[in-house]
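Read through the structure below, which is laid out as C-alpha cells, and then see the notes.
Only the coordinates and a few stated rules stand behind these numbers; no lab work does. All figures in this text were calculated on a predicted structure; none of them were measured in a lab. Positions of Cβ are backbone-derived with ideal geometry, glycine not excepted, and every protein chain shown enters the neighbour counts.
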C-alpha cells in the first residue's frame, strides 16, 4: 500500500495528510537539503523553530527552502515557560507562519525535557485563540489527558530525550497514551533509526516526527527515504494486525489433541 | 552556596597524582560511560588521555553532530569602550598601557551596527573595559536600544555587574552574558589583577551565577589559558559550567577556550598552551558535557579554527575587530589583543559550507 495515495490518511486539525512522517529543519549541513528530504521522505508536515527564522535574510532564510505544499509547523524552541511559548506562537502567526504551533516548553537545557504543566497552560491559551496546537510532552498519560481538555489537536510524547537517537525508551508509557488518548499521537524525539519509527507505528502511533536521525546521517536524503518507508511499513503492519507473540513453537496440542480423534 | 565552595574543596585535590595515575584501561572505560563524574573529566585532561586524542576527537564529533547538528552559530564582537580602571597585567586595555582611549558615541554605535548588519549577522557581542563612570549602565542601555534594531540577540562582555544591573540589561534587550574568570587560581588572580574592581576574585567568580539568578538566557564562561596550568584551569572551567547547568538548568551554559594573544602590554604567557592541548580540552569538555556550547574566537588562527571545527565547536566569531570603532572609524586604535583569524563573515560562511557545515546567522528571537 502506498501511503501517498491511500485511504488511510493522517488527519490533524481538520486537515488531511498523505504521509505520517513529520520532519524538522534543524541540524542540517545546508538548508538546500530540506526540499530534497521532503521529496525523498514524502513528508507533508515540517517543523521550524521561529528563533532560527530570519524572514528578511537573503542568504540565511530557511523558509525559502520549504515548498508551498508543506504544512508549516512553527515551534516554540527556546520557551522556558507558558508565557514565552504563547508570545513565540503569536509572533510566528504575525510573521505569516499560519496558526499551527508545536509547543515546546523546555526549562532544562541539559536533557531538553519539557515542562508538562506549563505546556498545558500554553495549550489552553493558544487553542482558545484558534491555534492548532501540537504539544511536545513527556510520555505522561495524565498530561496527555489534560492536553485533550485544553484543546490540543494532537499530542507529541517523546520516545527518548531529544537528540539521543536511543529509540523508544518510553515504550510502555507510549502504549498507554496510544491506547487511551483519542487525539492523534505523534511520537517525537529519540527516534534514532527507521526501525524505531516502524516500531512506534506498529504500536499504533498515528505519526512520528524525526529530525536528528535524518540530519545526522551521512546521507540525509537517503535516510529521509528510509524513514518514510519505515513509517509506511509500520502503519501497514498495524492496520493488518500482527499475529500474537508466543514463547514456544506451536506444532501440536499436547493436552487436547485427543479431541480431534 | 556559590561555586567558590567547590573551588575551596578542589584546592585540596592532589592534581598531580590524579593526572599521572590514569591508565589506558581507565581511559577506555571512561570513554564508554554514559555519564562522567568530575574525576572522569579530570582523567580526560590527563597526559595519558592526551595520547588518545583521535579517539577523544571521534567521540566528541559524534556527540556534537547528534546534539547540535552540522551547524555553527556566527557572531561578531563590537568594542564600545576601552577606558579601564583595572590593571590586569595580561590585557591590552590595562590602565597603565599608553593607548588611544575612546568610547563610541551613540551615533558611532549606530554606524558600526549598520556596518555589521550588512553582513547578515544577527548576534552581536558588546564589550567594554571596566570604567563604570564612563561606560555605565545608562550608556549600555542606550547602546542596546540602538543595537536591538539591527540584531536579534545581544550579549555582553563587560565588567562584573550586580544582579540588579544584569536584570536592567536584560530588560534593555540583553540575552547573553560572557564573562571569563581568567584564572581560577585565587593566589595567582591576586598577582595578575593589581588594581581596580576586578581585583575582587569572588565578585568576578559569582558574576555568571548572578546572571543566571535573574534568568539571563545564556552564559558563556572561561579561563584565559596561558596564565596557569591548563589542565587545572580546564578542569575548573568544566566544573564551573557543570555547577551552573545543574543549578540553573533553564540557562544555556557555554564555555570558551581562549588562549592569550599578543597585546599592547609586555606580558608573556606563563604557560605555553599547544594546539594539541586545546584539542584535548575541547574534546574532554564535549564528552563531559554533551549539551554545552563551545565558543572559539578569532584568537585562534584560521587554519587551526578550520581543523577544530568538527571537534565540538558550536559558535564562532567572524569579521572580528578588537578596537573601539574598528570597523567605521578612520582613527585606527589599538585593539584589546591581536586577532589571528581576519576572515570576514562571507569567507567564514563559505569555509563552513565547503566543510559541510551550515553557518547560522540567527538563533534567537526577542520575545519580551
**Report entry** GNM result for chain A, Cα springs below 10 Å: residue of A:98, A:159, A:228 fluctuating most strongly
**Finding:** A:98
Query raised in the report: How would you rank B:251, B:295, going from fewest to most other Cβ atoms within 10 Å of each one's own Cβ?
Result: B:295, B:251
Report summary line: With Cα springs under 10 Å, the Gaussian network model of chain A assigns the largest mean-square fluctuation among A:74, A:220, A:35 to A:35
Report summary line: the stretch B:54-95 and the stretch B:209-243 have their Cα centres apart by a whole-number Å value of 12
Query raised in the report: Alpha carbon centre of the stretch B:121-136 versus the stretch A:27-63: separation in Å?
Result: 34
Report task. Only bridges with both residues in chain B count here: give the DSSP antiparallel percent, nearest 5. Result -> 5
**Report entry** Beta bridge orientation in the protein assembly as shown: antiparallel %, DSSP, nearest 5
**Finding:** 10
Requested in this report: Working from Cα positions, state the angle (0 to 90°, nearest 10) between the long axis of helix A:220-240 and the longest principal axis of chain A.
Outcome: 50
Query raised in the report: Roughly what % of DSSP beta bridges within chain A run antiparallel, to the nearest 5?
Result: 10
Query - Over the protein assembly as shown: helical MRE at 222 nm, DSSP H runs n ≥ 4 each giving -39500 (n - 2.57), nearest 500 - result: -11000 deg cm²/dmol
Query raised in the report: Going by a ≥ b ≥ c, the root eigenvalues of the Cα gyration tensor, does the stretch B:3-360 fall in the rounded group (a/c under 1.5), the prolate group (a/b larger than b/c) or the oblate group?
Result: prolate
Query raised in the report: What span do the alpha-carbon atoms of the stretch A:113-217 cover on each of the three principal axes, reported in whole Å from largest to smallest?
Result: 39, 27, 19
Query raised in the report: Where a ≥ b ≥ c are the square roots of the eigenvalues of the C-alpha gyration tensor, would you call the stretch A:3-240 rounded, which needs a/c under 1.5, or, failing that, prolate if a/b is larger than b/c, or oblate?
Result: rounded
Query raised in the report: How would you rank A:40, B:297, going from fewest to most other Cβ atoms within 10 Å of each one's own Cβ?
Result: A:40, B:297
Requested in this report: Once you've got the GNM for chain A with C-alpha springs shorter than 10 Å, pick whichever of A:205, A:233, A:29 has the biggest mean-square fluctuation.
Outcome: A:29
Query raised in the report: Taking every residue in A:102-109, how many Cβ atoms of other protein chains lie within 10 Å of its Cβ, on average?
Result: 3
**Report entry** On Cα atoms only, tilt of B:275-288 relative to the major axis of chain B in degrees
**Finding:** 80
Query raised in the report: What is the order of B:45, A:73, fewest Cβ neighbours within 10 Å to most?
Result: A:73, B:45
Query raised in the report: To the nearest Å, what is the center-to-center distance of the stretch A:76-144 and the stretch B:1-41, using C-alpha atoms only?
Result: 39
Query raised in the report: Averaged over peptide A:44-51, how many Cβ atoms belonging to another chain are found within 10 Å of each residue's Cβ?
Result: 2
Query - In degrees, nearest ten, helix A:171-180 long axis to first principal axis of chain A (Cα) - result: 90
Report task. Compare the peptides B:347-360, A:117-130 by average per-residue count of other Cβ atoms within 10 angstrom and give them in order, highest first. Result -> A:117-130, B:347-360
Report summary line: Quick note, the protein assembly as shown: a/c under 1.5 would make it rounded; otherwise a/b > b/c is prolate and the rest oblate (a ≥ b ≥ c, C-alpha gyration tensor); here it is prolate
Requested in this report: Would you mind giving the mean number of other chain beta-carbons within 10 Å of the Cβ of each residue in A:25-32, as a whole number?
Outcome: 5
